[in-house]
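Scroll down for the structure; my scribbles are underneath it.
The values are calculated or read from the model by the stated rules, or taken from the named source; none is laboratory data. The model shown is predicted, which means the values in this text are computed figures rather than measured ones. Don't worry about glycine lacking a Cβ; one is built from the backbone with ideal geometry, like all the others, and counts go over all protein chains shown.
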Amino acid sequence: MTGAAPRVVVVDDQTLVRQGIRTLLELAGVDVVGEASDGAEAIRVCAELSPDVVLLDLRMPAYDGIWFLEQRAREGLHVPTLILTTFDDDALVIDALRAGAQGYLLKDVTVEQLSHAVASLADGGTLIGPSITDGLVRFIRSGPPPNGARGDIVEDLTDREIEVLRLVAEGYSNSQIAGLIHLAEGTVKNHISSVLAKLGARDRTNAVLRAIREGMLG
C-alpha cells in the first residue's frame with residue numbers, strides 16, 4: 001500500500017479504549033473507518049468496509065480475538081490483523097500468531113510505534129513487539145515446533161537471507177527492506193521466497209516463529 005493513509009478498524013470490548021485508540025491514531029494520520037466490540041461484530045464490519053488493517057484485542061466476551069482470526073480465515077477475509085492487548089502471556093502470543101495474526105503489540109507502545117506498525121502491516125509487513133520477544137524466544141524454544149514446520153534440520157540461510165528475515169521480524173515490508181539494504185524489491189521477494197522454502201514456513205509470520213525457535217534471530 002502506498003500514498004493514502006491506512007484504513008483501520010479498531011476492535012476492543014471497552015468503548016473508552018476504542019475511542020482513545022481511534023483519537024490517537026487519527027491524530028497520527030491513520031484513517032479509522034470503523035469500530036467493533038467483539039469478534040463477531042468485527043467480522044461484519046470488515047466484510048462491509050474492507051479495511052487495510054484490523055487492530056484487535058484478544059480478551060473479549062463471547063467472540064474473542066482468536067475466534068475472529070479463525071473466522072476471518074474461514075470467511076476468506078484477507079485483512080492484516082495486529083493484536084493490540086495488555087496480555088503478554090507467551091502461549092497466547094503463539095496462539096494468536098498461529099491463528100494468523102500478522103503482528104502483536106502491547107498497549108504500552110507509543111502512538112508512533114503503533115502507527116508505524118499499522119503502516120507496516122498495511123504494506124504487507126509483519127511485526128512482533130520487542131517487549132514480548134524475549135519471552136517468546138524462550139517459550140518457542142522450549143516447546144514443539146510451530147505448525148507447518150519440518151522436524152528435520154533447517155537448511156542454512158545465507159547472510160543476506162538472515163538479514164532480510166531480521167527485517168521481516170521487525171515489521172518492514174518488502175519495499176521498505178529493499179530501500180534499507182539497497183536491493184530491488186523483486187530481489188527481496190526472491191530472498192523471502194527462498195527463506196520460506198528453506199524453513200518450511202507457510203508465510204512470513206510462520207518463518208519468524210521458526211527462525212526464533214532455531215536461534216537465528218537471537
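Quick one: which strands (runs of 3 or more DSSP E) sit completely within segment 1-86 and have at least 2 residues that are over 19 Å from the mean Cα position of the chain (by Cα) and in the same structural domain as VAL109 (by TED's automatic domain parsing)?
Fully inside segment 1-86 and qualifying: 31-36.
Might you check whether a residue that is surrounded by fewer than 18 Cβ atoms within 10 Å (Cβ to Cβ), hydrophobic (A, V, I, L, M, F, W, C), assigned to a helix (DSSP H, G or I) and modelled with pLDDT of 80 or more occurs anywhere in segment 168-190?
yes
Is there a residue in segment 139-162 that is in a helix (DSSP H, G or I), modelled with pLDDT of 85 or more and either touching a Phe, Trp or Tyr at 6+ places or on another chain (Cβ under 8 Å) or in the same structural domain as ILE94 (by TED's automatic domain parsing) (or both)?
no
For LEU49, all conditions in the list (1) touching a helix residue (DSSP H, G or I) at 6+ places or on another chain (Cβ under 8 Å); (2) hydrophobic (A, V, I, L, M, F, W, C); (3) surrounded by fewer than 20 Cβ atoms within 10 Å (Cβ to Cβ); (4) closer than 20 Å to VAL30 by Cβ hold save one; what is the number of the exception?
Every condition holds for LEU49 apart from (1).
Among the residues of segment 203-218, which ones are closer than 15 Å to ALA101 by Cα and surrounded by fewer than 15 Cβ atoms within 10 Å (Cβ to Cβ)?
ASP203
Is there a residue in segment 84-94 that is modelled with pLDDT of 95 or more and hydrophobic (A, V, I, L, M, F, W, C)?
no
Condition (residue is over 15 Å from GLN102 (Cα atoms) and at pLDDT below 85) applied to segment 115-131: is it met by at least one residue?
For segment 115-131, residues over 15 Å from GLN102 (Cα atoms) and at pLDDT below 85: present.
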